[in-house]
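Let me begin by presenting the structure, written as structure tokens, before commenting on it.
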Amino acid sequence: MKISSRPTDNRAVSRRTSPAEDTANSVNDPATRTRSLTATTTGEDILSIAGIPASELTPQVQAALQKLMAEITSLRQSVAQLKDQVKAAETQADQDPLLPVLNRRAFMRDLDRALAFARRYGTRATVAFIDVDGLKGINDRHGHAAGDAALSHMVTTISDNIRSGDSFGRLGGDEFGLLLVQTDEALAAKKMESLSRCVSQSPVKVDDAMVQVQISFGLSALASQGADTQHTAETLLALADQRMYEQKSTRSVTR
């Protein structure tokens, strides 16, 4: 009788790989290489990929990895610097070129945003139009340096006495806008009277002269939820401007 040979098993024969082969497979895996190369490492860690100690890497591979990681670190530093520069440029673009307040564009943007919130959520806010009284006279009597000092004094005094959430900007020349958030018109009037006193009660010293600075203001409350929606940021500011001139005219008559 013919004895048959052992049946052949067509299934793939599994074989246990050696530690060295496991390491090689790990190095050849793209995902593993990417994770290892992009990790933030220093010293000997830079030269260790997928568990391979630096002593087992060739000098050429070690040099290449060190160069690669140095380039990655340099690129990260460059990106961080660019982000800082962009942030600084954005801040500078919103600032008045002479005084530490917002410029007109940035202030109107904040006013537009506050108006949208007032209409949608019923939040309270009031815009004040501020004018420095007699600035031309200060310039004529004491020089333009005195006028600049008067503006700087007014800006510093008001900025030191408003909340961080309020917006203060220069609209042009000696005209400024102040957005008081979460403030109705009655409360805003009290706040502006207080700010006006703070400005006038601390004269500015220019050379040997003490220059008193005074301001006039007008107010306009932002439309609340469900109220008239015809006003825009520009028309609200114009209304506050008109009321400021009415206040200035009243003061001139009573003097």
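The values are calculated or read from the model by the stated rules, or taken from the named source; none is laboratory data. This structure is a prediction, so every number in the text was calculated from the model and none was measured. We place every Cβ from the backbone using ideal geometry, glycine too, and count neighbours over all the protein chains shown. The accessibility values were calculated without ligands, DNA or RNA, using every heavy atom of the protein model including side chains. Shrake-Rupley method; radii C 1.70, N 1.55, O 1.52, S 1.80 Å.
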I'm trying to understand the selection: among the residues of segment 80-106, which are assigned to a helix (DSSP H, G or I) and modelled with pLDDT of 85 or more? Asp94, Arg104, Arg105, Ala106
Do we find a residue being open to solvent by less than 20 Å² (accessible area, probe 1.4 Å) and under 16 Å from Glu175 (Cα atoms) anywhere in segment 113-125? no
Which of the helices (runs of 4 or more DSSP H) contained wholly in segment 123-221 include at least 1 residues that are in contact (Cβ under 8 Å) with a residue 24 or more places away in the chain and among the polar types (S, T, N, Q)? 144-159, 185-200
Working carefully through the options Phe129, Phe168, find the one that is in contact with a Ser or Thr (Cβ under 7 Å, 6 or more places away or on another chain), open to solvent by less than 50 Å² (accessible area, probe 1.4 Å) and closer than 30 Å to Ala223 by Cβ. Phe168
